[in-house]
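Report on one structure; see the data block that follows.
Each value in this text was obtained by applying a stated rule to the coordinates, not by laboratory testing. All values reported here derive from a predicted model rather than from experimental measurement. Glycine gets a Cβ as well: all are built from the backbone with ideal geometry, and neighbour counts include every protein chain shown.
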Amino acid sequence: MIIGVCKETGHNEKRVALTPEISQKLTAMGLTVTVESGAGMASSYTDQDYLSSGAAIENSRIKVINSCDILLAVQAPDKETINNLKPGAILVSFIWPLQNRSYVEHLKLRKITSLAMDTIPRISRAQSMDALSSMSNIAGYKAVLIGADILDKYMPMMMTAAGTIPPAKVLVLGAGVAGLQAIATAKRLGAVVEAFDVRPVVKEQVQSLGAKFVEVPLEEENTETTGGYAKELSDRNKEKQREVIHEHVKKSDIVITTALIPGKPAPLLITREMVEDMNPGSVVVDIAAEQGGNCEITKPGKTIHHNGVYVAGPLNLPSSLAYHASKLYSKNILSFLTLLIEDGSPNFNFDDEIIVNATITHEGDIISPFVLENS
């Protein structure tokens, strides 16, 4: 079987789907790896690195696409790329099927088997394949660095001959993987950290990182999906949540927002009024900007100055740490392919909950229960 890897064409996408380290492991499994020349350069992996790993380098992108049995990518390749895959070829990438239904229909039409790294279930057996967590970890880390860079204050307490400077106050909204990493990073930088999440189950995790958990009494008892994500709240509970968050937002120096709901726009957590109540020089870093943002005035891809407060809506944060993001993503793919491939060929065992949930399309049909249940 031939594994193909091409240069990513998405805007500001620096990651690569396969690193030389993992290429070597796939070659050892008896697979042939072909990489488009320059595919890894943006993430600091050279053609020579791939050649040393046993991969072949191909100058022609179209030849890589035409000849491969499995195409590995970070972002879902464009439809022209899909059209040039041979019938029955397999695509492995982020696909976001609920947000890209026309793309899924195109995969069905072309009879491409598509495996989405974003629909792998979050179960213990699949932890090594969990690309969402790998990328969210990076996003949480980088969000704090962005906030600290914009903020015109020290993060830690400073005791100097000129006086004592109190530590910065950081509020993290959403304590999933990104939020927990943001908490840990802000604590390492010396800030006083608070965190909020609708799921009471994360309270211990927040506290274990040295942050204070902000509690809001909600009517719903179950605020978590079976996949470990936060559920969307009722209007009544949203109002309760906003009242409590408002009080904590206005006294914070940096607010990091990370809340996402699969297949839906990001929930609104910070209103214009809350931003206008913050102290001048304060910072909001909204890493949910790609899904519309958790802050009412976020401009995706931009940092704006509103009433003295900076609101940043960075996009594709994992790409900004492309070397390590590619390394982690590539290891996630290796774990997944190790499960999928038996005796040199893919085995689509749809009794396996990992494979059935990750398989978006196969032989012209939609397979993933995650997609079927939300269609």
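So how do Phe350, Phe370 line up by other beta-carbon neighbours within 10 Å, fewest first?
Phe350, Phe370
Just one of (1) 64, 49, 34; (2) 64, 54, 49; (3) 68, 52, 49 is Cα extents along the principal axes in Å calculated from these coordinates, so which is it?
Entry (1).
Do the alpha carbons of any pairs in Lys25/Lys203; Lys251/Lys327; Lys14/Lys250; Lys86/Lys299; Lys153/Lys212; Lys7/Lys169 sit beyond 30 Å of each other, and which pairs?
Pairs exceeding the cut-off: Lys25/Lys203; Lys251/Lys327; Lys14/Lys250; Lys86/Lys299; Lys7/Lys169.
For Met158, Met278, what's the fewest-to-most ordering of other Cβ within 10 Å of each Cβ?
Met158, Met278
Show me the GluC sites (Glu not before Pro) within region 339-375 that DSSP assigns to loop and that have at most 12 other Cβ atoms within 10 Å of their Cβ.
Counting only loop positions with at most 12 other Cβ atoms within 10 Å, the GluC sites (Glu not before Pro) in region 339-375 are Glu363.
Would you order Cys68, Cys295 from fewest to most other beta-carbon atoms within 10 Å of each residue's own beta-carbon?
Cys68, Cys295
List the residues of region 349-374 whose backbone N lies under 14 Å from a point placed 7 Å from the Cα of Lys111 along the Cα-to-Cβ direction.
362-365, by backbone N distance to the label point.
Taking the Cβ of Leu171 as the center, what net charge do the other residues with Cβ under 14 Å away carry, scoring Lys and Arg +1 and Asp and Glu -1?
-1
For Ala161 paired with Leu51, estimate the spin-label separation in nm (one decimal), with each label point 7 Å from Cα along the Cα-to-Cβ line.
Computed distance between label sites Ala161 and Leu51 equals 5.9 nm.
What residues have an amide H closer than 5 Å to that of Glu194, excluding those fewer than 5 places away on the same chain, when H is modeled at 1.01 Å from N in the peptide plane?
Val170, Leu171, Val172, Lys212
Compute the distance from the alpha-carbon center of region 47-90 to that of region 242-315, in whole Å.
For region 47-90 versus region 242-315, the Cα centre distance is 39 Å.
Please compute the contact order of the chain in relative form: average sequence separation of alpha-carbon pairs under 8 Å and at least six residues apart, divided by the residue count, as a percent.
For the chain, the relative contact order is 18 percent.
Using packing as a proxy for protection, rank 183-190, 254-261 so that the peptide with the highest average count of other Cβ atoms within 10 Å comes first.
For the peptides 183-190, 254-261, the packing ranking is 254-261, 183-190.
If amide H atoms are built 1.01 Å from N in the plane of the peptide, which residues on other chains or at least 5 residues away come under 5 Å of the amide H of Val284?
Answer set, sorted by chain and number: Val255, Tyr310, Val311, Ala312.
Note the full-extension length gain between Leu315 and Ser44 as 0.36 nm times their separation in residues minus their Cα-Cα distance, in nm to one decimal.
95.5 nm
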